[in-house]
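J.: Let me give you the structure first, and then I'll get to my questions.
The values are calculated or read from the model by the stated rules, or taken from the named source; none is laboratory data. For clarity, every value in this text was computed on a predicted model and none was experimentally measured. Please note: Cβ atoms are built from the backbone with ideal geometry, for glycine as well, and neighbour counts cover all protein chains shown.
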Ligand code: HEC
């Protein structure tokens, strides 16, 4: 297994090298995003919810590729509720725009679930997914979490 992995990595090295060759635009690594102060458990909670979003999208795309609209609805519905499980007191400390993007995303997932059942049209779902991902990247471009001392929070 290890040998297989090693040879795979070796086989891919020229491709990886080609991907970072001059010619590709340089990645702007400076981070100007707004920091949101959180406790370490709050950060762990948010990141776990985020991975649920990513996993959920993954499942939705697979369901969509099979044109299984029932499964699209089943996968989307819980994603519309994630923010409601936020740790006590955290919501009041979040910037308004952050909360709005979070709520906007939840609404889109609710609509995706509803329309997947009512309209069962994959092209409608696809454009709604594109809208959902506008929230993902809008928020990621704007905010980052920073663990620090927050009164009364672990
Ligand atoms: C309202 C804001 C917001 C929205 C909307 C949002 N995220 Fe995030 N997400 C964050 C923040 C903040 C982080 C932490 C970034 C950091 O600290 O660098 C994060 C981190 C993540 C991570 C990294 C998780 C980890 O374990 O490190 C993933 C994956 C992720 N988001 C997926 C998504 C997906 C997919 C969507 C859309 C379906 C989404 N997020 C929507 C705010 C948001």
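J.: Can you report the number of residues in the range 18-56 which are over 17 Å from residue 138 (Cα atoms), part of a strand (DSSP E or B) and at pLDDT 80 or above?
T.: Residues meeting the conditions: 2.
J.: Taking only the range 68-100 into account, find how many residues are modelled with pLDDT of 90 or more and on the phi > 0 side of the Ramachandran plot.
T.: Adding up the residues that qualify gives 0.
Listed here are the residues, each with its yes/no results for (1) within 13 Å of the chain's Cα centre (by Cα); (2) over 16 Å from residue 63 (Cα atoms).
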position	(1), (2)
90	no, yes
94	no, yes
116	no, no
119	no, no
136	yes, yes
140	yes, yes
148	no, yes
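Okay, residues lined up against (1) surrounded by 14 or more Cβ atoms within 10 Å (Cβ to Cβ); (2) near the ligand (Cβ under 9 Å from one of its atoms); (3) touching a residue at least 40 places away in the same chain (Cβ under 8 Å):
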| residue | (1), (2), (3) |
| --- | --- |
| 62 | no, no, no |
| 67 | no, no, yes |
| 96 | no, no, no |
| 102 | yes, yes, no |
| 114 | yes, no, yes |
| 119 | no, no, no |
| 123 | no, no, no |
| 144 | no, yes, yes |
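J.: For the range 115-149, give me each residue that is more than 15 Å from residue 95 (Cβ to Cβ) and not in a helix (DSSP H, G or I). Break it down stepwise before answering.
T.: First, pick out the residues of the range 115-149 that are more than 15 Å from residue 95 (Cβ to Cβ): 115-134, 136-137, 147-149.
Those that are more than 15 Å from residue 95 (Cβ to Cβ) and not in a helix (DSSP H, G or I): 119, 120, 121, 147, 148, 149.
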